[in-house]
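Here's the structure we're looking at; comments come further down.
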């Protein structure tokens with residue numbers, strides 16, 4: 001093919017510039033949606049064992065204000081991942097790029113929180129989802145989750161083989177897949193538990209806060225949460241799962257019996273000093289996908 005003449009080059013330049021501007025704008029929008037999802041998760045109340053507007057749950061180093069500060073600090077990094085998804089065609093190169101951005105995002109998180117891990121798991125989950133959404137330019141949650149799964153299954157050659165974090169140790173000690181397995185499978189707990197529960201709760205007339213708490217409980221009821229396993233072992237995981245199922249079986253957090261069961265579950269997790277942090281990350285992923293689908 002012959003080279004473009006100067007006239008054609010000058011005609012195509014605005015088109016390329018417009019595409020680039022749309023990519024930047026789209027990446028910024030996805031980043032804002034990701035931050036909004038994290039802020040809404042942090043402020044959602046009540047959440048058993050987790051930070052909410054009432055207090056720190058089972059934590060001693062977290063507050064909802066710190067969680068919100070951390071979320072806001074991550075916005076430029078989510079935007080960078082989304083922009084990479086929109087502009088890098090090669091999957092291997094893209095996976096390597098978003099891995100590097102994710103590690104920079106962790107450093108930014110630690111700087112914003114004074115060294116407290118607030119959102120390591122969320123950076124992984126929501127980072128993959130904004131990258132996937134930007135890459136395929138779609139708003140169908142199943143397509144976005146599937147694309148995120150494809151990216152997650154690509155090994156990042158620059159990632160450390162062993163991180164030493166608690167979730168990684170819990171996976172090894174208890175034989176579960178953790179956040180990595182959820183992502184590689186295309187976030188099945190989000191698609192099959194959290195989102196359907198969120199939608200069903202809204203359709204039956206639950207207030208939005210109750211619908212979101214019910215979505216969290218649906219995740220807790222099925223997820224092998226490595227945060228629970230790391231801090232309380234299998235007994236804590238079993239207690240959280242059975243307690244969450246009981247709240248849902250009694251009609252969810254919007255009913256009087258459900259609220260009573262939720263209070264019992266909260267007291268149990270507080271006594272055990274455990275927190276379902278993995279479920280919180282997947283709730284944020286659920287809220288992000290919900291926002292992408294219903295802007």
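Brief remarks on what is shown
- Short to long, the 5 Å bins of the Cα pair-distance histogram for the range 104-158 hold 4, 19, 22, 19, 16, 12, 7, 1 percent of all pairs.
- The Cα atoms of the chain cover 74, 44, 31 Å along the three principal axes, with the biggest extent listed first.
- Long-range tail of P(r) for the range 159-236 (Cα pairs > 17 Å, %): 53
- GNM result for the chain, Cα springs below 10 Å: residue of 194, 112, 235 fluctuating most strongly: 235
- Globularity ratio of the range 141-295, using Cα Rg and 2.2 N^0.38 Å: 1.07
- Packing-based exposure ordering (other Cβ within 10 Å, fewest first) of 56, 242: 242, 56
- Taken over the range 192-242, the ratio of Cα radius of gyration to 2.2 N^0.38 Å equals 1.27.
- Degrees, to the nearest 10: 208-222 long Cα axis against longest axis of the chain: 80
- Ranked by how many other Cβ atoms sit within 10 Å of their own Cβ, fewest first, the residues 72, 286, 171 fall in the order 72, 171, 286.
- Seen against the Cα atoms of the chain and their longest principal axis, helix 6-43 is set at about 10 degrees.
- Top of 282, 128, 191 by mean-square fluctuation, Gaussian network on the chain, Cα under 10 Å: 191
- Whole-Å distance, taken between Cα centres, linking the range 163-194 and the range 210-237: 12
- The angle separating the long axis of helix 256-272 from the principal Cα axis of greatest extent in the chain is about 90 degrees.
- Alpha carbon convex hull of the range 134-196, volume per residue in cubic angstrom: 104
- The helix-only estimate of mean residue ellipticity at 222 nm for the chain, built from DSSP H runs of length n ≥ 4 each weighted as -39500 (n - 2.57), is -24000 deg cm²/dmol after division by the residue total.
- Each part gets one Cα centre, and for the range 81-160 versus the range 35-50 those centres are 21 Å apart.
- Histogrammed with a bin width of 5 Å, the alpha carbon distances of the range 35-145 distribute as 2, 13, 21, 21, 17, 12, 9, 4, 1, 0 percent, first bin at zero.
- Largest GNM mean-square fluctuation among 44, 129, 250, using the chain with Cα springs under 10 Å: 250.
Bear in mind that the values in this text are calculations on the coordinates, not laboratory data. Treat the numbers as computed from the prediction; the structure is a model and nothing was measured. In this analysis, Cβ positions are derived from the backbone assuming ideal geometry, glycine residues included, and neighbour counts consider all displayed protein chains.
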